[in-house]
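Single-structure report; data block below.
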Amino acid sequence: MKTLLIDNAIAADPAVLLVVSPTTWIQDAALRQFYAAAALAGVRVAVGFPDLHPGAGAPVGAAFVTDDAIYPHLIGSDIGCGATLFKTDLDRRKTKVDGWAALPFELEHPWDGDVREFLAEHSLESTEFDHALGTIGGGNHFAELQAVEAVFDAAAFKELGVGKQQLAVLVHSGSHGLGESIQRNYLSEHSITGASPDSFAGREYLCAQGLCVRWARANRELIARRFAAALGTQSLCLWDGCHNSITQAESASAGNWIHRRGAVAADGEFVVIPGSRGSLTYVVKPTGDGRSHAWSLAHGAGRKWARSESRRLMRERFTSAELLQTRLGGRVICEDHDMLYEEAPAAYKNIQAVIQDLVDAGLVSVVATLRPILTYKTRKLRR
């Protein structure tokens, strides 16, 4: 088994697990952040996945189980960020990539529909960030049209509910300014100090965080609706996975709280783990009891380089035009050149190696892979 288990490495209580093979590269800064988080009071289990990399204040690609304590800084500011997979009625045999790539989409601009009605449908209250609903946002967020590449478990794939010739849409986005405002408010009052879930600060944060998670999921649904509509089809949700959240562990003692940042829950029939826009997305089936790895899995490939470093390195190697076509034949719509270089496929770890580490550790089996056909990031903003 290519799993390194470090038990009692930090203190008398925490179990610290790194799900990595000997060849998996993890930055020292990420490991320092990971061990620092594992040493926080009340942390009982700390798990670092193969996509582990440094984040703002805490590592990305990790999950922590605490005993009667929550640490909001561990999940970052994009609360509720995650990925949602939808199916469409588009047939891959009738793919029109050139024509589709010319469509405006407008996903960086506010939706022109009835926001109040949409909020009511999803039991969401109005906030000052209503205008951001249905927009992708920046960074590594995207809407992507995907085709089934290969099926490894036919029975499990059938349960997913998408045909082999049916195109799917994968949306990765979060809570935008709403999550940032909640995180900022908490940190301004409490810094990185944790809170009891039963305290006023803890209850206030968990309530606000719950709104963010629901808002982010609704946001991904609206993005998919807009994206699919531009393509002349509709979208139907197949699976949703949140990457940044604090949730109570249902199968553990009542006092256990799971903190996930760049990690996805492993408690469903399927988990979708995307790579970069230039690599495959994996549909996997969780295996094992989940307890040893915090009922969580890796959320994606994980960054190899920071965005500033990626801009520098990618500009030395590629023209912007070269990055608009992937090695898998996919097309990329990204008219922000900085973002194009920051999110280049080479800036991410090898998703195949990440998945193999999870397989070798006995955490997943691979059901299918999906190939990116059209990845939407952003058009130029209107002046």
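We did not get these values from a lab; they are worked out from the coordinates using the rules stated. Being a predicted model, the structure only gives us computed values, none of them experimental. All Cβ positions, glycine included, derive from the backbone under ideal geometry; neighbour counts span all protein chains shown.
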**OP:** Provide the per-residue ³J(HN,Hα) series for region 265-270, in order, calculated from phi with Karplus coefficients 6.51, -1.76, 1.60 and θ = phi - 60°, each as a whole number of Hz, with x at glycine and proline positions.
**Re:** 5, 10, 9, x, 6, 9
Original post:
Going by the alpha-carbon gyration tensor, a ≥ b ≥ c the square roots of its eigenvalues, is region 1-152 rounded (a/c under 1.5) or, if a/c is not under 1.5, prolate (a/b greater than b/c) versus oblate?
Top reply: oblate
**OP:** Could you tell me the distance between the Cα centroids of region 29-81 and region 188-255, to the nearest Å?
**Re:** 17 Å
Original post:
Across the chain, how many lysine pairs, 8 or more apart or on two chains, come within less than 21 Å at their alpha-carbon atoms?
Top reply: 16
Original post:
Per-residue HN-Hα couplings for region 108-115, Karplus 6.51 cos²θ - 1.76 cosθ + 1.60 at θ = phi - 60°, whole Hz, x for Gly and Pro?
Top reply: 9, 10, x, 5, 9, x, 7, 5
Original post:
HN-Hα J couplings of region 178-188 from phi, Karplus 6.51/-1.76/1.60, θ = phi - 60°, integer Hz, Gly and Pro as x?
Top reply: 5, x, 4, 5, 5, 5, 4, 5, 5, 5, 5
Original post:
How do 316, 149 rank when sorted from fewest to most other Cβ atoms within 10 Å of their own Cβ?
Top reply: 316, 149
Subject >> the chain: angle of helix 28-38 to the longest principal axis, Cα-based, in degrees nearest 10 >> reply: 50 degrees
Original post:
Where Rh denotes the Kirkwood radius from the mean inverse Cα pair distance, what is Rg over Rh for region 184-261?
Top reply: 1.11
**OP:** Specify which residue in the list 46, 64, 270 is farthest towards the positive end of the charge dipole of region 4-378, using unit charges on the beta carbon of Lys, Arg (+1) and Asp, Glu (-1), about the Cα centre.
**Re:** 270
Original post:
Can you sort 171, 364 by how many other beta carbons sit within 10 Å, fewest first?
Top reply: 364, 171
**OP:** State to the nearest 20 debye the size of the charge dipole of the chain about its Cα centre, where the only charges are +1 on K and R beta carbons and -1 on D and E beta carbons.
**Re:** 1300 debye
Original post:
For region 254-383, what is the largest minus smallest coordinate of the Cα atoms on each principal axis, given in angstrom and ordered from greatest to least?
Top reply: 52, 31, 27
Subject >> Placed amide H near residue 90: partners under 5 Å, 5+ positions off or other chain >> reply: 167
Subject >> Calculated [θ] (222 nm, deg cm²/dmol) that DSSP helices of n ≥ 4 give over the chain, each run adding -39,500 (n - 2.57) >> reply: -8000 deg cm²/dmol
Original post:
How large is Rg/Rh for region 74-224, to two decimals, with Cα atoms and a Kirkwood Rh?
Top reply: 1.06
**OP:** Go ahead and set up a Gaussian network model of the chain, Cα springs under 10 Å, then flag whichever of 268, 134, 330 fluctuates most.
**Re:** 268
Subject >> Ranked list, fewest to most other Cβ atoms within 10 Å of each Cβ, for 246, 75 >> reply: 246, 75
Original post:
Hey, how many Å between the Cα centroid of region 259-324 and the Cα centroid of region 113-150?
Top reply: 20 Å
**OP:** Select one label from [x] 23, 37, 27, 12, 1, 0; [y] 29, 60, 10, 0; [z] 25, 48, 24, 3: the one whose number is P(r) over Cα pairs in 20 Å bins from 0, in percent as derived from the coordinates shown.
**Re:** [y]
Original post:
Roughly what % antiparallel, to the nearest 5, for the DSSP beta bridges in region 226-383?
Top reply: 85 percent
**OP:** Name the most mobile residue of 36, 168, 58, meaning the one with the largest mean-square fluctuation, in a Gaussian network model of the chain with Cα contacts below 10 Å.
**Re:** 36
Subject >> Amide H contacts under 5 Å for residue 374, placed H, 5+ residues apart >> reply: 145, 331
Original post:
How far is helix 351-360 tilted, in degrees, relative to the longest principal axis of the Cα atoms in the chain, given as a value from 0 to 90 rounded to the nearest 10?
Top reply: 40 degrees
Subject >> Amide H partners (placed H, <5 Å) of residue 287, local residues excluded >> reply: 364, 365
